[in-house]
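Derivation of every value follows stated rules applied to the coordinates shown; laboratory data play no part. Because the structure is predicted, anything quoted here is derived from the model rather than measured. Neighbour counts are summed over all protein chains in view; Cβ atoms, including those assigned to glycine, are modelled from backbone coordinates with ideal geometry.
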Amino acid sequence: MLPTQCVVLDLETTGTSPQYDRIIEIGLSEIEQGRVVEEWSSLVNPEVRLSPFIIQYTGISDAQVTKAPTFAALAEDLFERLRGKVLIAHNARFDYGFLKNEFTRVGLIYQEPTLCTLKLSRRLYPQYRRHGLDALIERHGLRVEARHRALGDVRMTWEFVCKALEENPPEAVSHVLEKILGPLTSQSGSQSSAQKKRAAQQAALFEVQ
């Protein structure tokens, strides 16, 4: 039911504005045929000091990111990891916005279809009011390894996707994926350029509540 190739991704950042804030950590799992084939993560030097709130929230310090590569140094490799693959993220509008802005700063155009697991949860579990990652952890018994660290949140997001596929009828999941991604993506994993553009634009407009 899922597209053939996906990337589950999570970012930690200096704040909430893709325009003014910067990425400080990237974590991702590359998915092929519904299986994790590779995991990758890196701290990122934002070239600005972290606020006390972000240090406490993530456990990431200025000393750690100062020694890390900048986004520009990671951009080419990351872009290739994401190219041609559906991006899966919880509250995808946030991660997509940061990726798009960071890639733009280094002269790369990032535009791929996005599957938001926040939206997926709302559609598959409409009986519940809360669909944040903490609510999903509690409701679905997701394993917590490193909350508010990129790779830890990636693993929880993928675990939720797997549980959602197991707990819901295939036709219901296919219907939801088709609504979010379009019929060609959800069935075959291939898209035209126009479909990719439309899906990415829709992903960027997902409401965050």
Exercise. Output the qualifying pairs, or none if there are none: Cβ atoms under 7 angstrom, residues six or more apart or on different chains, first residue in the stretch 88-111 and assigned to a helix (DSSP H, G or I), second residue of a type in the set (Phe, Trp, Tyr).
Key: Ala92/Phe206; Arg93/Phe206; Leu99/Tyr110; Lys100/Tyr110; Glu102/Phe71; Phe103/Phe79; Phe103/Tyr110
Practice problem: Could you list, in sequence order, all residues of the stretch 48-66 that are over 30 Å from Cys6 (Cα atoms) and in contact (Cβ under 8 Å) with a residue 12 or more places away in the chain? | Solution: Val48, Arg49, Leu50, Ser51, Asp62, Thr66
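Can Glu30 be described as touching a His at 6+ places or on another chain (Cβ under 9 Å), in a strand (DSSP E or B) and in contact (Cβ under 8 Å) with a residue 12 or more places away in the chain? Break it down into steps so the answer makes sense when it comes.
On the way: touching a His at 6+ places or on another chain (Cβ under 9 Å): no; in a strand (DSSP E or B): yes; in contact (Cβ under 8 Å) with a residue 12 or more places away in the chain: yes.
In short, no.
Take the stretch 44-70 and flag every residue that is among the hydroxyl-bearing types (Ser, Thr, Tyr) and over 21 Å from the mean Cα position of the chain (by Cα). Before the answer, list the steps.
Initially, the stretch 44-70 is screened for residues among the hydroxyl-bearing types (Ser, Thr, Tyr), giving 51, 57-58, 61, 66, 70.
Listed by number, the residues that qualify are Ser51, Ser61, Thr66.
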Exercise. Go through the residues of the stretch 107-128 one by one and say whether even a single one is within 17 Å of Trp158 (Cα to Cα), in contact with a Cys (Cβ under 9 Å, 6 or more places away or on another chain) and not charged (D, E, K, R).
Key: yes
